[in-house]
1. Quick check on this structure: which one of Glu213, Glu132 is farther than 20 Å from Val16 by Cα and surrounded by fewer than 21 Cβ atoms within 10 Å (Cβ to Cβ)?
2. Name the residues in region 254-269 that are out of contact with any Ser or Thr (no Cβ under 8 Å at 6 or more places or on another chain) and at pLDDT 85 or above, would you?
3. Being part of a helix (DSSP H, G or I) and in contact with a Gly (Cβ under 8 Å, 6 or more places away or on another chain) narrows it down to one residue among Glu26, Glu5, Glu12, Glu45; which is it?
4. Look through Asn43, Asn79 and report the one residue that is farther than 26 Å from Leu2 by Cα, of a type outside the set (A, V, I, L, M, F, W, C), out of contact with any Cys (no Cβ under 7 Å at 6 or more places or on another chain) and at pLDDT 90 or above.
5. Inspect all residues belonging to region 46-58 and state whether any of them is over 30 Å from Lys191 (Cβ atoms), more than 20 Å from the chain's Cα centre (by Cα) and surrounded by fewer than 19 Cβ atoms within 10 Å (Cβ to Cβ).
6. Can you pull out the residues in region 149-160 that are surrounded by fewer than 18 Cβ atoms within 10 Å (Cβ to Cβ) and part of a strand (DSSP E or B)?
7. Part of a strand (DSSP E or B) and within 29 Å of Ala32 (Cα to Cα): which single residue out of Ile193, Ile204 fits that description?
8. What's the number of the only condition in (1) modelled with pLDDT of 90 or more; (2) within 30 Å of Ile88 (Cα to Cα); (3) among the charged types (D, E, K, R) that Lys219 fails to meet?
Amino acid sequence: MLSKEYVEQLKEDGFVTLQDYLGGYELGKIRAEISCMNEMHYNEENLKSGVAYPSDSTETRTSNAYLIGNGGCYFPHINLQMHEYYGIDSILDDWNSLISTLEEHVPTVGTNTNYYDVSDSSTMINFQEYREASKPVPPHMDGHYLEYTCNDDGTMSVTEALVPNFVGVLVLHNENDNDVGTVLVEVDTGKRIPVQAAAGDFVIFDNIRFTHEVPSLEKPRAMLGLRNFTYKPYRFTQKRVAPLKSYVGSFFEGYIERIGDKDAVEAWDESSGYEEAPF
């Protein structure tokens, strides 16, 4: 999926945009599959197990999220191979290959990374549809929030979370010509990087190095996000696991550590799920 040049760019810059990753036919197919997934899998059983996340619907935005896999993974998921989700399944295969490639460049003591390790876990897909004059989304890091509070100004303060190293955003539709869809903010420097992406572009970024925010969009836009919370993620915690605390603005203050798959699954199993959408 990613050439060596793109991998090196992602390592150095912390983000990369694959232009024209998909064409119009493929994008339409994926949107149709998402609608089908909402009809078939947004139910009480999947919400209780965590396979489906509570939908967040407002006048300007609709969001749905699910855990997906291709049949072999040990964690709860929608088995794409049992349904006609060929477009999403193809993206999942690309994403798993990408993560296995990227993880080869991330030092993790005592582990070996390959595609099959990734495919044994499940991936969260998040469909976001923004309508006219959408409200801005405040700075945050994507993650499975174990403990958090929502602030009056719309931001979120997290005390415990599983946080994926990398996040992918596939733009399905965008009528905002030359407008910024996402702003990356480097945690260590505060540097702001506006990212423009048209329909069919695939943006990948380092979710630890950057927070990200979405400005108000005047025209409709839709995207599909991918992230894996149980495959070698980081954990935000208030327990001392490192010499120095990490500060990520108002989003997080505490310690951060890289953890293994089993620790991530145990942390996930201990959580009670969400009563409302945390994104």
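The values are calculated or read from the model by the stated rules, or taken from the named source; none is laboratory data. This is a predicted model, so every value here is computed, not measured. When we count neighbours, we look across all protein chains shown, and the Cβ atoms used for this are built from the backbone with ideal geometry, even at glycine.
1. Numbers: Glu213 fails: farther than 20 Å from Val16 by Cα.
The unique qualifying residue is Glu132.
2. From region 254-269, those out of contact with any Ser or Thr (no Cβ under 8 Å at 6 or more places or on another chain) are 259, 262-263, 266-267, 269; that's our starting set.
Scanning region 254-269 gives Ile259, Asp263, Glu266, Ala267.
3. Details: Glu5 fails: in contact with a Gly (Cβ under 8 Å, 6 or more places away or on another chain); Glu12 fails: in contact with a Gly (Cβ under 8 Å, 6 or more places away or on another chain); Glu45 fails: in contact with a Gly (Cβ under 8 Å, 6 or more places away or on another chain).
After ruling out the rest, the residue left standing is Glu26.
4. On the way: Asn79 fails: farther than 26 Å from Leu2 by Cα.
Result of the check over Asn43, Asn79: Asn43.
5. Quick first cut of region 46-58, residues over 30 Å from Lys191 (Cβ atoms) only: 46-55, 57-58.
Now restrict to residues that are more than 20 Å from the chain's Cα centre (by Cα): 48, 58.
With surrounded by fewer than 19 Cβ atoms within 10 Å (Cβ to Cβ) added as a condition, the list becomes 48, 58.
Yes; the residues of region 46-58 include at least one that is over 30 Å from Lys191 (Cβ atoms), more than 20 Å from the chain's Cα centre (by Cα) and surrounded by fewer than 19 Cβ atoms within 10 Å (Cβ to Cβ).
6. Here is the first cut: in region 149-160, the ones surrounded by fewer than 18 Cβ atoms within 10 Å (Cβ to Cβ) are 149-155, 157, 159.
The answer is Thr149, Cys150, Ser157, Thr159.
7. On the way: Ile193 fails: within 29 Å of Ala32 (Cα to Cα).
Matching residue, one of Ile193, Ile204: Ile204.
8. (1)
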